[in-house]
Amino acid sequence: MDWITRERPKIDRIACPWLIKRFINPDAKIIYAPLDTVFEIAKQTNAIPFDIPGVEYSHYADECTFDYFLKKHELNDPALKRIAAIVRGADMDRHDLMPQSAGLEAIFSGLAYNIRDDNQLLEIGMVIYDGLYSWTQHLYRLKHGNEGPTEVLLLKIYNEHLNDKQKEKSPEWTALLREMIQDQIDTNTTLSLNQLSEELDISSSYLSREFSKYFENLNYGEYIRKKRIEKAIELMSDRSISLTDIAYLTGFSDQSHFTRIFKKFTGSNPSEYRRKSFKK
């Protein structure tokens with residue numbers, strides 16, 4: 001049986017093929033292809049698509065595709081469940097789930113950077129996941145070195161520092177997302193959260209859940225409306241542009257909708273705000 005997914009794998013799209021070949025179908029052929037060709041090739045080869053939007057084997061809620069494989073094929077091995085938590089943390093940028101998640105992401109980010117051949121990357125990934133499986137079976141309870149009172153105290157201080165840094169640091173995707181949103185505002189276009197998650201190559205449920213943490217405690221819809229109002233205020237300084245045109249240029253469907261949202265964010269309707277803020 002063949003399986004197919006998007007090209008340029010890193011976490012889930014290496015972990016799932018390892019799981020398939022080790023526990024589901026040892027003779028499975030894994031195909032990596034550009035996203036826009038996956039369904040066509042799947043039809044031609046009768047391959048099962050996975051870890052792409054709109055297919056059975058994919059992300060659900062807060063779980064990644066590896067989790068779904070375990071449930072679908074009733075793989076109840078505790079060691080595999082430990083790997084699932086590590087993979088989930090690495091794939092969804094949730095290093096708080098398992099401390100090993102950060103290491104797994106670092107290793108495969110580096111490998112993906114160095115190796116452009118997806119099949120070669122999978123070959124190396126198979127060896128790494130074999131090692132991880134042995135660790136989750138036999139070694140996960142062992143501590144590295146002897147930890148006396150001083151070591152325990154230092155570890156505690158380090159973990160507290162790491163937690164503080166994780167709270168402060170924004171994930172890499174937030175900077176890219178800000179640019180994408182600004183492009184929407186500047187060009188008067190609208191992308192759904194699902195479309196943005198596909199562009200960023202992250203789960204839409206994860207993006208929806210995490211969005212407010214990095215965008216002024218607002219959900220995606222609220223933040224877009226806020227940015228549109230800010231753009232509207234910028235355009236108001238040019239009195240040659242009517243409020244009706246400003247409403248259109250900032251993506252509002254009609255004048256009344258624009259007025260209602262504008263007043264919600266500023267406390268004044270557009271004409272009052274323009275009169276007070278941009279006196280001749």
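Read-outs: derived from the displayed coordinates by stated rules, not from any lab. Keep in mind that what you see is a predicted model, and the values were worked out from it rather than measured. All Cβ positions, glycine included, derive from the backbone under ideal geometry; neighbour counts span all protein chains shown.
Quick check on packing: order 112-123, 19-30 by the mean number of other C-beta atoms within 10 Å, highest mean leading.
Result, highest mean first: 19-30, 112-123.
Return the calculated 222 nm mean residue ellipticity for the chain, to the nearest 500 deg cm²/dmol, obtained by summing -39500 (n - 2.57) across DSSP H runs with n ≥ 4 and dividing by the residue count.
Dividing the helical sum by the residues of the chain leaves -19000 deg cm²/dmol.
Hey, fewest Cβ within 10 Å first, where do 228, 141 land in order?
Least to most surrounded, the residues fall as 141, 228.
Rounding to the nearest 10 and keeping the result within 0 to 90°, find how far the Cα-based axis of helix 204-214 lies from the longest principal axis of the chain.
Result, in degrees: 60.
Quick one: which of 81-93, 40-52 comes out on top by average Cβ neighbours within 10 Å, and what's the full order, highest first?
Ranked by mean Cβ neighbours within 10 Å, highest first: 81-93, 40-52.
Helix 118-134 versus the longest principal axis of the chain: what angle, 0 to 90°, nearest 10, using Cα atoms?
The two axes meet at around 60 degrees.
Sequence-distant or interchain residues sharing an amide H contact under 5 Å with residue 31, placed H: which?
3, 4, 5
Quick one: dipole size for the chain, taken about the Cα centre, charges +1 on Lys/Arg Cβ and -1 on Asp/Glu Cβ, in debye to the nearest 20.
Dipole about the Cα centre, nearest 20: 1280 debye.
Out of the DSSP beta bridges found with both residues in segment 2-139, what percent are antiparallel (nearest 5)?
10
Say each of residue 263 and residue 25 gets a label point 7 Å from the Cα, pointing the same way as Cα to Cβ; how far apart are those two points in nm?
It works out to 6.0 nm between the two label points.
Can you grab the distance from the C-alpha centre of segment 24-96 to the C-alpha centre of segment 234-257, Å, no decimals?
A separation of 46 Å, based on Cα centres.
Taking every DSSP beta bridge that has both residues in the chain, what percent is antiparallel when rounded to the nearest 5?
Approximately 10 percent, going by the DSSP bridge assignments.
Using only Cα atoms, find the angle between the long axis of helix 149-168 and the longest principal axis of the chain, and express it within 0 to 90 degrees, rounded to the nearest 10.
So the helix axis and the longest Cα principal axis differ by about 40 degrees.
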